[in-house]
1. Hydrophobic (A, V, I, L, M, F, W, C) and over 29 Å from Met203 (Cα atoms): does that describe Leu116?
2. Which residues, taken from segment 18-45, are free of Cβ contacts under 8 Å to residues at least 40 places away in the same chain, of a type outside the set (Asp, Glu) and farther than 22 Å from Gly141 by Cα?
3. Counting only residues that are in contact (Cβ under 8 Å) with a residue 60 or more places away in the chain, surrounded by 20 or more Cβ atoms within 10 Å (Cβ to Cβ) and part of a helix (DSSP H, G or I), how many does segment 109-133 have?
4. With part of a helix (DSSP H, G or I), touching an Asp or Glu at 6+ places or on another chain (Cβ under 9 Å) and more than 30 Å from Thr127 (Cα to Cα) as the only criterion, which of Val89, Val63, Val13, Val29 stands out?
5. Hey, can you tell me all the residues within segment 153-163 that are at pLDDT 95 or above and open to solvent by less than 20 Å² (accessible area, probe 1.4 Å)?
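The values are calculated or read from the model by the stated rules, or taken from the named source; none is laboratory data. Only a predicted model underlies this, so the values are computations on that prediction, with no experimental measurement involved. Positions of Cβ are generated from backbone atoms using ideal geometry, with glycine treated the same way; all protein chains shown enter the neighbour counts. The area values use the complete protein model at the heavy-atom level, side chains included, leaving out ligands, DNA and RNA. Shrake-Rupley method; radii C 1.70, N 1.55, O 1.52, S 1.80 Å.
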Amino acid sequence: MTESNARTRLAGVLLLSSLVAMVAGAALVVPSGLTLNPSDPEAVLAAVGAHAGTHLAELALDVLGWLALAAAGLVTAAGSAEAPRPYLVVLAGGLLAAAGLAGMLHDAGNLALTQLAAVPAAVTVATAVLLTAKWTVNLAGLLWVAATATTAAGVPMPAWLRRAGAVAALLGLAAVALPWTTGVRGPSAEMERLGYALHLPVMVWYGVLGWRFLRGGRPRRR
């Protein structure tokens with residue numbers, strides 16, 4: 001196996017690992033009511049206190065997911081010299097790594113809620129932490145969307161996968177824009193769930209790309 005193929009397959013493993021970890025984390029969060037909406041910080045603290053173990057398990061999975069995504073971005077950027085448009089591959093990898101970093105910062109904020117849940121009087125602090133965490137994950141989503149669009153444009157792949165990436169990026173952009181439409185009220189729990197659903201095509205697209213990388217190295221243009 002050449003170094004190029006090994007690097008490409010490593011990127012595939014990392015992308016698939018990120019998808020699995022994030023989906024597993026979401027499967028823990030949604031049934032437990034741990035989406036942590038800032039509009040009701042008292043309810044958030046109560047939910048985290050009642051499901052502390054689940055909250056920590058979900059955070060661990062989410063951190064692994066974002067970490068794998070960041071690592072995949074770095075590996076992608078490292079292989080840019082072999083691409084027809086290497087500057088786009090470097091940009092795509094850098095944006096993906098930045099999205100992973102922003103996602104881990106979001107999880108750091110949510111981890112702080114585990115301690116705040118034991119101090120019911122800290123509602124004001126919890127609100128600030130929640131808002132910071134939510135806008136950090138919004139930034140991560142924006143970077144992820146930009147990485148998706150740049151990857152679809154610069155990384156060699158079949159035309160159908162390139163088109164699917166463009167569609168996924170548009171849906172992800174809609175998810176990122178949702179919180180901006182709510183003004184000072186912030187997104188409702190229902191709107192947050194819609195945002196998760198709109199981000200799902202981005203996750204799946206990277207999963208498909210990762211699977212193709214893992215199966216046979218870098219896809220060729222068609």
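1. Numbers: hydrophobic (A, V, I, L, M, F, W, C): yes; over 29 Å from Met203 (Cα atoms): yes.
Against the criterion (hydrophobic (A, V, I, L, M, F, W, C) and over 29 Å from Met203 (Cα atoms)), Leu116 qualifies.
2. Passing the criteria: Pro31, Ser32, Ala43.
3. Count: 6.
4. Numbers: Val63 fails: more than 30 Å from Thr127 (Cα to Cα); Val13 fails: touching an Asp or Glu at 6+ places or on another chain (Cβ under 9 Å); Val29 fails: more than 30 Å from Thr127 (Cα to Cα).
Exactly one of Val89, Val63, Val13, Val29 is part of a helix (DSSP H, G or I), touching an Asp or Glu at 6+ places or on another chain (Cβ under 9 Å) and more than 30 Å from Thr127 (Cα to Cα), namely Val89.
5. Of everything in segment 153-163, just one residue is at pLDDT 95 or above and open to solvent by less than 20 Å² (accessible area, probe 1.4 Å), namely Leu161.
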